[in-house]
Amino acid sequence: MMSQRSHLTDLEVWRVVGRLEAKVAQSIGVSQSVISMIWNRFLETGSAGRRPGQGRRRATTPSEDRYLVLTARRHRNMNATLLQQHLRSATGTTVSTQTVRNRLHGVGLYARRPMVCVRLTSRHRHDRREWATDHVNWRRNEWSNVLFSDESRFSVYPDNRRIFIWRDRGSRNNPAFVHESVRFGGGGVLVFGGISIDGRTDLYIIRDGPLTAQRYRDEILRPIVVPYAAAIGDDFILMDDNCRPHRANLVQDFLFDEEIVRMEWPGCSPDMNPIEHVLDALGRRVAGRQPPPQTLQELERALLEEWDRIPQLVINSLIDPMPQRCSTLLPVRGNHTPY
């Protein structure tokens with residue numbers, strides 16, 4: 001009998017190693033050269049870890065990084081320049097504003113615009129919670145009888161000012177990061193619109209001065225809302241907000257004479273009104289036109305055209321989640337919601 005070979009040649013050893021490297025590389029999804037480089041490094045140094053880098057030294061220490069993050073979390077409105085100055089005053093370390101941003105990005109803090117909401121008092125929160133409790137169990141057929149209506153002003157030159165805060169992902173609706181403001185009017189075009197499941201009113205341009213209670217009755221309720229209510233039937237419900245023209249005595253008397261039921265609406269609750277999203281979409285559609293409107297006449301024409309082009313499926317998709325809007329309002333005890 002021939003004796004078995006007791007050793008392998010160098011060429012055979014390298015072939016075996018190469019086949020093993022190829023299998024390992026294939027199993028973990030990397031190239032064979034990477035496995036070969038790691039193996040050679042282990043043979044040379046006894047470790048597979050990376051060698052110390054020769055690049056630029058890190059500008060901040062871990063404690064300085066924690067200081068930046070803690071300061072940004074305590075002062076959400078502080079920009080990168082102010083954070084840079086605070087770090088220099090506290091530690092003597094001077095870094096660029098981009099370094100400040102990089103350290104905050106590393107822990108998930110990004111400069112974002114705060115959500116702007118109307119100011120809520122304790123009374124507003126109580127009323128919103130009570131309203132949500134009363135309507136959280138309404139079914140789709142009940143919501144289909146509601147006409148959600150509102151007025152909105154559109155400008156040829158929208159305000160593009162931006163305010164940024166440092167916040168974590170998913171915390172946009174946190175009350176600590178909400179910027180509250182009081183609404184105010186301005187130049188532009190004032191319109192009225194109403195939406196319901198499977199329907200909408202015509203968009204009405206309110207010209208020649210402000211909307212008064214008498215104009216609301218004579219120009220909107222009588223020619224627009226009353227025929228719409230007759231088409232829906234006896235179960236029709238009008239939802240309009242609590243602005244003064246809507247709640248005037250002559251308006252209430254008119255609705256009583258016409259046997260139109262009005263939904264009790266909590267004050268300062270645009271987040272619960274789906275028409276706010278439709279009007280926002282209308283504004284974005286008009287702003288996206290090429291060329292954009294340059295005069296009030298062009299703006300009026302664009303608003304009327306884009307209002308009719310909004311798909312009804314989009315409107316339905318905004319009204320259908322009304323039960324979810326109500327249920328979202330309850331655990332936050334009437335505070336701002338993400339809608």
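The values are calculated or read from the model by the stated rules, or taken from the named source; none is laboratory data. Not measured: the values here are computed from a predicted model. Glycine gets a Cβ as well: all are built from the backbone with ideal geometry, and neighbour counts include every protein chain shown. For the accessible areas, the whole protein counts, side chains as well, though only heavy atoms, and no ligand, DNA or RNA atoms are used. Shrake-Rupley method; radii C 1.70, N 1.55, O 1.52, S 1.80 Å.
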Lone qualifier among ALA90, ALA72 - being assigned to a helix (DSSP H, G or I), at pLDDT 90 or above and in contact with a strand residue (DSSP E or B) (Cβ under 9 Å, 6 or more places away or on another chain) | ALA72
Segment 191-231 - residue that is of a type in the set (S, T, N, Q) and within 29 Å of ARG139 (Cβ to Cβ) and, of those, surrounded by the most Cβ atoms within 10 Å (Cβ to Cβ) = SER196
Those residues of segment 248-275 which are more than 20 Å from TYR228 (Cα to Cα) and of a type in the set (D, E, K, R), in sequence order | ASP271
When the residues of segment 191-235 are filtered to those that are of a type in the set (Gly, Ala, Ser) and under 14 Å from LEU255 (Cβ atoms), which remaining residue is farthest from the chain's Cα centre (by Cα)?
-> ALA230
Out of curiosity, is GLU276 in a loop (DSSP other than H, G, I, E, B), of a type in the set (Asp, Glu), at negative phi and touching a residue at least 12 places away in the same chain (Cβ under 8 Å)?
-> no
Taking segment 309-320 and the residues there that are surrounded by fewer than 20 Cβ atoms within 10 Å (Cβ to Cβ) and in contact (Cβ under 8 Å) with a residue 24 or more places away in the chain, the one that is farthest from TYR204 (Cα to Cα) would be ASP320
Yes or no: VAL100 assigned to a helix (DSSP H, G or I) and open to solvent by less than 20 Å² (accessible area, probe 1.4 Å)?
-> yes
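Quick one: count up the residues across segment 294-339 that are hydroxyl-bearing (Ser, Thr, Tyr) and not in a loop (DSSP other than H, G, I, E, B).
Of the residues in segment 294-339, 3 are hydroxyl-bearing (Ser, Thr, Tyr) and not in a loop (DSSP other than H, G, I, E, B).
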Which numbered condition PRO291 fails, given (1) open to solvent by 50 Å² or more (accessible area, probe 1.4 Å); (2) part of a helix (DSSP H, G or I) | (2)
